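My structure is below; once you've seen it, I'll send some questions.
What follows is calculated from the coordinates using simple rules that are stated; it is not laboratory data. Computed from a predicted structure; not experimentally measured. FYI the Cβ positions are ideal-geometry reconstructions off the backbone, even for glycines, and counts take in every protein chain you see.
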Ligand SMILES: [Fe+2]
C-alpha cells in the first residue's frame, strides 16, 4: 500500500547538494520558491477554470487567451518546482497543499462572467507579483542569483505581460 511507503524527505527539509550555497540559504530559498510555487499553481488553475467556463461576445478570444496563459504558467510552475528540487528541497505539489499555502482567494465552483473572470485574474496576478518582488530581492541578498533570476525573469515578467494582455481586454469592454 502506498500509505505505508516511507517518506524519504520531509517537506521543509533540504538535503545536501553541491551547488556552492550553504544550507541556510538553500533552506530559505526553497521556502520562498515553494511560497511562489503555491501562488503560481493557484493562478495557473484559475486560468484553466476560466478557459473552460468563459462566455459572452468574446468567448473565442478569451477561451484561447486563457489557455495560452495557462500553458505559460505551467512552464513557470515547472521551473519553480525543479529549482526547489535542485536546491535539495521538496516542491509542494498536491492541490490541497496549494490551497493551504495560497493567498489567492478561492473562486466559486460556479461560472462567473467574462469581466469578473478577468478581474479575478488581475487580482491573482497582483498577489503573485506583490509576493514575489521582495522575495526576489531577498534571494539576491542571500547570494542565490539563480533563484533571483527565476523569480524576476520568469515569474515577474510573465505575470506582468499576462496582466497587460488581459487588462487591456477589460479596458476595451469598459470603453464600449
Ligand atoms: Fe481546452
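For the chain, take the longest principal axis of its alpha carbons; what is the angle in degrees between that and the long axis of helix 59-86, to the nearest 10 within 0 to 90?
Helix 59-86 and the main axis of the chain meet at about 10 degrees.
Calculated FRET efficiency, residue 103 and residue 152, Cβ-Cβ r, R0 35 Å, to nearest 0.05?
Computed FRET efficiency for residue 103 and residue 152 comes out at 0.95.
Another one. Calculate how steeply helix 114-141 sits against the longest principal axis of the alpha-carbon atoms of the chain, using the helix alpha-carbon long axis, and give the answer as 0 to 90 degrees to the nearest 10.
30 degrees
Over the alpha carbons of the chain, what is the largest minus smallest coordinate on each principal axis, giving the biggest first in Å?
Result for the chain: principal-axis Cα extents of 57, 43, 21 Å.
Shifting gears a bit: Which value, to two decimals, describes the C-alpha radius of gyration of the stretch 42-125 once divided by 2.2 N^0.38 Å?
1.20
Can I ask one more? What residue among 60, 70, 47 has the largest mean-square fluctuation in a Gaussian network model of the chain, using Cα springs under 10 Å?
60
If contacts are Cα pairs under 8 angstrom and at least 6 residues apart, what is the relative contact order of the chain in percent?
Value for the chain: 27 percent.
Compute the acute angle (0 to 90°) between the alpha-carbon long axis of helix 23-53 and the principal axis of greatest extent of the alpha-carbon atoms of the chain; round to the nearest 10°.
For 23-53 against the chain, the angle is about 20 degrees.
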